[in-house]
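Peer 1: My questions will all concern the structure given below.
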Amino acid sequence: MTASKTNTGNFFEDFRVGQVFQHATPRTLTVGDIALYNGLYGARFAVQSSEPFAQAIGYPRAPIDDLMVFHVVFGKSVPDISRNAIANLGYADCRFLTPVYAGDTLTAVSEVIGVKENSNRTSGVVYVRTRGHKQSGEIVLEFVRWVMLRKRNAAAAAPEPVVPKLAERVDPAVLAGAVPAIDLNRYAFTLAGEPYRWGDYKPGERLDHAEAMTLEEAEHQIATRLYQNTARVHFNQHEQAQGQFKRRLVYGGIIMSLARALSYNGLANAFHIAAINGGRHVAPAFAGDTIYACSEILEVCEIPLRRDIGAVRVRLVAIKNRSGADFPLQTAAGTYSEGVLLDLDLWLILPR
Amino acid sequence: MTASKTNTGNFFEDFRVGQVFQHATPRTLTVGDIALYNGLYGARFAVQSSEPFAQAIGYPRAPIDDLMVFHVVFGKSVPDISRNAIANLGYADCRFLTPVYAGDTLTAVSEVIGVKENSNRTSGVVYVRTRGHKQSGEIVLEFVRWVMLRKRNAAAAAPEPVVPKLAERVDPAVLAGAVPAIDLNRYAFTLAGEPYRWGDYKPGERLDHAEAMTLEEAEHQIATRLYQNTARVHFNQHEQAQGQFKRRLVYGGIIMSLARALSYNGLANAFHIAAINGGRHVAPAFAGDTIYACSEILEVCEIPLRRDIGAVRVRLVAIKNRSGADFPLQTAAGTYSEGVLLDLDLWLILPR
Amino acid sequence: MTASKTNTGNFFEDFRVGQVFQHATPRTLTVGDIALYNGLYGARFAVQSSEPFAQAIGYPRAPIDDLMVFHVVFGKSVPDISRNAIANLGYADCRFLTPVYAGDTLTAVSEVIGVKENSNRTSGVVYVRTRGHKQSGEIVLEFVRWVMLRKRNAAAAAPEPVVPKLAERVDPAVLAGAVPAIDLNRYAFTLAGEPYRWGDYKPGERLDHAEAMTLEEAEHQIATRLYQNTARVHFNQHEQAQGQFKRRLVYGGIIMSLARALSYNGLANAFHIAAINGGRHVAPAFAGDTIYACSEILEVCEIPLRRDIGAVRVRLVAIKNRSGADFPLQTAAGTYSEGVLLDLDLWLILPR
């Protein structure tokens, strides 16, 4: 049989710095996708949940959850970038630049910005900058991620290593691009669920988000397919049964969305993720795991020229099968505690 | 860690008669939510399933399933009222007052109308009247429910007991509020699936609804999140494993919706639930249980000034892991038979 | 208890050639149904996924996935035709005649075109031609299927056997009914995901579709309910536990949709199923099975008067728990190999 028309994905040695991929399958997002997203994570942020709430404060319509936009753009990049990934190592410099609404169509483009072979010469790390666009061409989202990829052929020559320099955090001055002028007089804190504004959060403050969610295979598979993410480790139990974990791996983005949805309890007015400064999937999650979340406030910043909103930098951590009440992030040895799944560094936007 | 911004819910002693809660997170319902509802329960009532069918008989558009509206309004009340509930004891005086359509946004308000400490002094019963509103302010739904709640502190003083008097059934005169004038000449009984009209049902008649549905964890979790119901017993296996049942409890509203969907077979023309006279969750349901349903006709009433429609009062019973063919509701001793999950007393509207 | 109002379905001896069934419950399809379909199968064909892509090439809007239309029409016929089916034996002469869009409402009518009692006299085969209509009356889909049905009463007289003559394949001249004039200059192959056009496929060519999906109970149940298909074997574990397989059977249409979604990898530009020449469910599938797919090109045909598109006849095969890489369709003895689930003969439309 010829398999010539079947895409089996790229390997480490297929990537070159400067290479650009226009990813396949534009995707029109609809209220159907939003409903399924809500059914899968249980988000309760008022701006995304209610058209009148969003319109009262200044949005033309209720925007789509920021992480849903992230997952859809990420998903498009999978067949070209990470179909053969060993691990999705990290994210940085992720900025949400314009709101996305039901009816918008997303496409994605990635550029290779770094490559570095591992010392074992059987794999390497590829850095890409991925941009999501609307049908109008507007950039809705931009992020860097780096993945570890197998080589097809261990004997392939190593490219010149290029490791991009990435800022530790996104500059607060650029955080408000996706936020219209907010009418604070019409922001109903009771309906939003909590009274806390930007100024109520202090660096060092910690929040246990209290609720938790147990993951099911059907749930993570439905979510991951909704994003048209085809990474086989999430779907093929027949193959996974032969592998290291014996089970399907849950797409890391699901842990991001669950942690974000859980963070409503304590951060109900953090209505927009403006940036992901950095993110790391510390350990894999599987069906049957129960996900908890907790947060630590890292910084509280003004945004230039904006008196309506402010930015709060939050470390959002997801943990499995143990409560976040004691904020179990670091061990005494400085490594991650047992059960930590995800360590996200976010810029959140709150009303002032 | 300070947990001061995290909502851990109210306990029995936090409630006072007359207290009013404006619940959080307004929710715009869409065709996406409807699709997910259909995928989760398999409802087949023509008025809700088909825009042209609904329009032919007099609705401006296809209305949203009544129980979906109930669950969304109920879900909003959970964080304030029943986050720490031991049990959801019952419903009464539930009236569906105006149709809800895709695009409508629901909010909810509850008033405490009764409190009564249990004799063990560690818990008590709270009665609330909950109202769901549209964006226009119109009341779409109103119901009373009572829940058993833990006390935070057993030594807290007992309030004066107040137990509201609740009518045994909703007055038939008020049942037609959510039903436009129905054009019977354009009601296509063949498309609706059965020839039976209001006058074809007789008190004492029993119906075995024949089909059944086995519940899965992913299904009840997705449904319950869709309603933004955050009660932890439905989602947190890590915590439930330590409890009485060792398993996640299925939200009782799911049994209501499944029984309603199953009741299509025999009650296909009962296109609207006008009222829930009373309801009781007799036993818990878990993933893996197979749900059957059967009905008994209690009353057949005219509705004043309406020649197009009539009301049929039905006892709708859900049973698990045994067929409803022998209507196994009461034991010889007068208690519920093994397997009975739900005993609902409904006013249904049918064409005349 | 009287069960007189409950529909328990038809048995073999209830069918007569010429009998017509107007099936119940018209169904308005929405973007919500489309989202759920995408979440359940992960389809990535650009025409169905993107409004701007569909509009650029000549559709007024993105059409609904052809197999979703098939499943909805099929589902309507189940309560009347196959509620008591022993097996769904095959399909033929299935033609997709006009595109269906979000907002369209589907109804279905079936005519009995054949009956043949089995030699054991306890069952028989019924052939029906089923048509799906839009609200406008337009036929969207037409197909023949045949099912094996139990007799209610083995002593019932055998009808005169009538076995319809069915063409081996749909005539290529009628394949373009649901395809507008396609503007090839605006067909973006990069966005669609592959460069291969109609002329790039050759008879005898084989394609391993590489990806695979493991099925979960919640997934197949949600999908089957979305189609309002009530066949009890898919939903009732309590009853199935007593039967031959001890488990719920997955609706065969789910395997069709999964195989179609997987076939994107290698057939990304086959944007429309114009016909199902024949189809056979070779073996049942269950939750936990992992579904792979492979294809063989059977014919490559021009369509009269169309220079924009051409037809490719494909044998699309789904296999469980083994890869399709070696195209494991036939055994040496000429029967199906272990693991083959579905053998579909399709006419697909591709840009020229």
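Peer 1: Among the candidates B:Ala108, B:Ala157, B:Ala87, B:Ala178, which residue alone is in contact (Cβ under 8 Å) with a residue 40 or more places away in the chain, more than 30 Å from B:Leu350 (Cα to Cα) and touching a His at 6+ places or on another chain (Cβ under 9 Å)? So that I can check it myself, show each step before the final result.
Peer 2: Numbers: B:Ala108 fails: more than 30 Å from B:Leu350 (Cα to Cα); B:Ala157 fails: touching a His at 6+ places or on another chain (Cβ under 9 Å); B:Ala178 fails: more than 30 Å from B:Leu350 (Cα to Cα).
Unique residue meeting the criteria: B:Ala87.
Peer 1: Within the range A:1-40, which residues are under 22 Å from A:Thr130 (Cα atoms), in contact with a strand residue (DSSP E or B) (Cβ under 7 Å, 6 or more places away or on another chain) and within 7 Å of chain C (Cβ to nearest Cβ)?
Peer 2: If the condition is that a residue be under 22 Å from A:Thr130 (Cα atoms), in contact with a strand residue (DSSP E or B) (Cβ under 7 Å, 6 or more places away or on another chain) and within 7 Å of chain C (Cβ to nearest Cβ), then A:Gln22, A:Pro26, A:Arg27, A:Thr28 are the ones that fit.
Peer 1: Further, regarding this structure: Which one of the conditions (1) at pLDDT 95 or above; (2) within 30 Å of C:Gly266 (Cα to Cα); (3) within 26 Å of the chain's Cα centre (by Cα) does C:Asn185 fail to meet, given that it meets all the rest?
Peer 2: (3)
Peer 1: Determine which member of the set B:Glu216, B:Glu211 is out of contact with any Lys or Arg (no Cβ under 7 Å at 6 or more places or on another chain) and surrounded by 19 or more Cβ atoms within 10 Å (Cβ to Cβ).
Peer 2: That would be B:Glu216, the only listed residue that is out of contact with any Lys or Arg (no Cβ under 7 Å at 6 or more places or on another chain) and surrounded by 19 or more Cβ atoms within 10 Å (Cβ to Cβ).
Peer 1: C:Gln228 fails exactly one of the following numbered conditions: (1) in contact with a Lys or Arg (Cβ under 8 Å, 6 or more places away or on another chain); (2) at pLDDT below 95; (3) away from chain A (no Cβ under 13 Å); (4) part of a loop (DSSP other than H, G, I, E, B). What is the number of that condition?
Peer 2: Failed condition: (2).
Peer 1: So how many residues does the range C:50-67 have that are more than 8 Å from every other protein chain (Cβ to nearest Cβ) and of a type in the set (Asp, Glu)?
Peer 2: 2
Peer 1: Next up: Could you figure out which of (1) within 19 Å of the chain's Cα centre (by Cα); (2) modelled with pLDDT of 95 or more isn't true of B:Tyr196?
Peer 2: Among (1) within 19 Å of the chain's Cα centre (by Cα); (2) modelled with pLDDT of 95 or more, the lone unmet condition for B:Tyr196 is (1).
Peer 1: Please name all residue pairs, on different chains or six or more residues apart, with Cβ atoms under 8 Å, provided the first residue is in the range A:269-281 and is under 17 Å from A:Ser50 (Cα atoms) and the second residue is β-branched (Val, Ile, Thr).
Peer 2: Matching pairs, first to second residue: A:Ala270/A:Val312; A:Ala270/A:Val314; A:Ala270/A:Ile349; A:Phe271/A:Val47; A:Phe271/A:Ile349; A:His272/A:Val47; A:His272/A:Val179; A:His272/A:Ile349.
Peer 1: Looking only at the range C:310-341, count how many residues are in contact with a helix residue (DSSP H, G or I) (Cβ under 7 Å, 6 or more places away or on another chain) and surrounded by fewer than 24 Cβ atoms within 10 Å (Cβ to Cβ).
Peer 2: 2
Peer 1: Next question, about the same structure. Can you tell me which residue in the range B:103-129 is surrounded by the most Cβ atoms within 10 Å (Cβ to Cβ), limited to those that are farther than 30 Å from B:Ala181 by Cα and among the basic types (Lys, Arg)?
Peer 2: Ranking the qualifying residues of the range B:103-129, first place goes to B:Lys116.
Peer 1: Can you go through C:Arg315, C:Arg322 and tell me which one is under 19 Å from the mean Cα position of the chain (by Cα), among the charged types (D, E, K, R) and within 30 Å of C:Gln244 (Cβ to Cβ)?
Peer 2: C:Arg315
Peer 1: Of all residues being of a type in the set (Phe, Trp, Tyr) and in a loop (DSSP other than H, G, I, E, B) in the range C:187-220, which is farthest from the other protein chains (Cβ to nearest Cβ)? Just the residue, please.
Peer 2: It comes out as C:Tyr187.
Peer 1: Kindly provide the set of residues from the range B:22-44 that are over 20 Å from the mean Cα position of the chain (by Cα) and either surrounded by fewer than 24 Cβ atoms within 10 Å (Cβ to Cβ) or within 27 Å of B:Pro351 (Cβ to Cβ) (or both), ordered by number.
Peer 2: Matches in the range B:22-44: B:Gln22, B:Val31.
Peer 1: Anything in the range C:126-150 that is out of contact with any Ser or Thr (no Cβ under 6 Å at 6 or more places or on another chain) and either among the hydroxyl-bearing types (Ser, Thr, Tyr) or assigned to a loop (DSSP other than H, G, I, E, B) (or both)? List them, or say none.
Peer 2: Once the filter is applied, which keeps residues that are out of contact with any Ser or Thr (no Cβ under 6 Å at 6 or more places or on another chain) and either among the hydroxyl-bearing types (Ser, Thr, Tyr) or assigned to a loop (DSSP other than H, G, I, E, B) (or both), the range C:126-150 yields C:Tyr127, C:Lys134, C:Ser136, C:Gly137.
Peer 1: OK, next. State whether one or more residues within the range B:302-314 are within 14 Å of another protein chain (Cβ to nearest Cβ), part of a strand (DSSP E or B), out of contact with any Cys (no Cβ under 9 Å at 6 or more places or on another chain) and of a type outside the set (Ser, Thr, Tyr).
Peer 2: Yes, the conditions are met somewhere in the range B:302-314.
Peer 1: Go through B:Val72, B:Val47, B:Val100 for me and flag whichever is over 30 Å from B:Asn185 (Cα atoms), of a type outside the set (Phe, Trp, Tyr) and either buried (at least 23 other Cβ atoms within 10 Å of the Cβ) or within 14 Å of chain C (Cβ to nearest Cβ) (or both).
Peer 2: B:Val72
Peer 1: Something else now. List the residue pairs whose Cβ atoms are under 6 Å apart, where the first residue sits in the range C:1-21 and is surrounded by fewer than 20 Cβ atoms within 10 Å (Cβ to Cβ), the second is at pLDDT below 90, and the two are 6 or more positions apart or on different chains.
Peer 2: Correct list of pairs: C:Met1/B:Phe327; C:Phe11/C:Asn84.
The values are calculated or read from the model by the stated rules, or taken from the named source; none is laboratory data. Keep in mind the model is a prediction, meaning the values are calculated, not measured. With ideal geometry, Cβ positions are generated from the backbone for all residues, glycine too; neighbour counts draw on all protein chains shown.
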